[in-house]
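Peer 1: One structure coming up, written as structure tokens, with questions to follow.
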Amino acid sequence: QRLKAAVHYTVGCLCQEVEEDKDVQFSKQSIAAISEITFRQCEIFAKDLEMFARHAKRTTVNTEDVKLLARRSNSLLKYITQKSEELASSNVEQKEKKKKKSSAAKGERTPGEQEADGTENEDSNMA
């Protein structure tokens, strides 16, 4: 019920924005109908996503499942793919930062620093 109420509230806010933007009016019945359709469609999406994951013998829905769900809307698929790539690259950056912080906290050197030390030692041995 709370989720349904949240959907109804969000649809109402969106309709209000459209009213201001396009100078049109939405009746309470039309907002309620849009809310109901939206909620039912979300339920269908959730079941589809669950089935896609189950078909792949997984228990967790991932981005590939969402892309499969959005395949009929080229613009939505493009947007989801772009956001997915942005998230993936930001996750890689965060992991690298954590790795550097943890190695610095332990007093360890990164492979690049170790290599630089190795070349310095070789230079001093040659002298």
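Peer 1: Does the range 11-18 contain at least one residue that is in a helix (DSSP H, G or I) and closer than 23 Å to LEU69 by Cβ?
Peer 2: Looking for residues that are in a helix (DSSP H, G or I) and closer than 23 Å to LEU69 by Cβ, one finds at least one in the range 11-18, hence yes.
Peer 1: PHE39 - would you say it is within 30 Å of CYS13 (Cβ to Cβ) and in contact with a His (Cβ under 9 Å, 6 or more places away or on another chain)?
Peer 2: Yes.
Peer 1: Okay, next question. Can you name every residue in the range 14-55 that is surrounded by 12 or more Cβ atoms within 10 Å (Cβ to Cβ) and of a type in the set (Gly, Ala, Ser)?
Peer 2: SER30, ALA32, ALA33, SER35, ALA46, ALA53
Bear in mind these aren't lab numbers, they're just calculated from the coordinates by the rules spelled out. Keep in mind that what you see is a predicted model, and the values were worked out from it rather than measured. Because the Cβ atoms are built from the backbone with ideal geometry, glycine has one as well, and the counts that use them run over all protein chains shown.
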